[in-house]
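S.K.: The structure under discussion is supplied below as structure tokens; questions concerning it will follow.
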Amino acid sequence: AARLAVMLPNPAYYQKHGNTSYLRSRTRTIEQRMRLVEAP
């Protein structure tokens with residue numbers, strides 16, 4: 001889910017360029033933030 005969220009703004013770019021360092025970094029950041037959220 002986190003990786004998809006990072007790719008949403010420009011999916012065609014990531015289709016061509018694959019697993020960039022930016023994609024990996026943002027995915028890690030979002031995953032870390034997801035752990036902090038409490039479900040209602």
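Here, each number is a calculation from the coordinates, and none is a lab measurement. The model shown is predicted, which means the values in this text are computed figures rather than measured ones. A quick note on method: Cβ atoms are made from the backbone with ideal geometry, for glycine too, and the neighbour counts reach across all protein chains shown.
S.K.: Taking interchain pairs and intrachain pairs at least six residues apart, which have beta carbon atoms under 8 angstrom, with the first residue in the range 16-34 and aliphatic (A, V, I, L, M) and the second not in a helix (DSSP H, G or I)?
M.R.: Sorted first by the residue in the range 16-34, then by its partner, the pairs are MET34/ALA1.
S.K.: Could you tell me which residue of the range 19-40 is surrounded by the fewest Cβ atoms within 10 Å (Cβ to Cβ), considering only residues that are outside any helix (DSSP H, G or I) and of a type in the set (Val, Ile, Thr)? Even if it seems obvious, please write down each step before you answer.
M.R.: If we filter the range 19-40 for residues that are outside any helix (DSSP H, G or I), which is where we start, we get 19-20, 37-40.
Filter once more, keeping what is of a type in the set (Val, Ile, Thr): 20, 37.
On the way: THR20: 12, VAL37: 7.
Here the residue is VAL37.
S.K.: In this structure, is ALA5 of a type in the set (Gly, Ala, Ser) and either over 9 Å from the mean Cα position of the chain (by Cα) or assigned to a loop (DSSP other than H, G, I, E, B) (or both)?
M.R.: Spelling it out, it is not the case that ALA5 is of a type in the set (Gly, Ala, Ser) and either over 9 Å from the mean Cα position of the chain (by Cα) or assigned to a loop (DSSP other than H, G, I, E, B) (or both).
S.K.: Mind counting the residues in the range 8-18 that are in a helix (DSSP H, G or I) and of a type in the set (Gly, Ala, Ser)?
M.R.: 1
S.K.: In addition: Tell me which residues, restricted to the chain, are of a type in the set (A, V, I, L, M) and touching a Leu at 6+ places or on another chain (Cβ under 8 Å).
M.R.: VAL6, MET7 - these are the residues of the chain that are of a type in the set (A, V, I, L, M) and touching a Leu at 6+ places or on another chain (Cβ under 8 Å).
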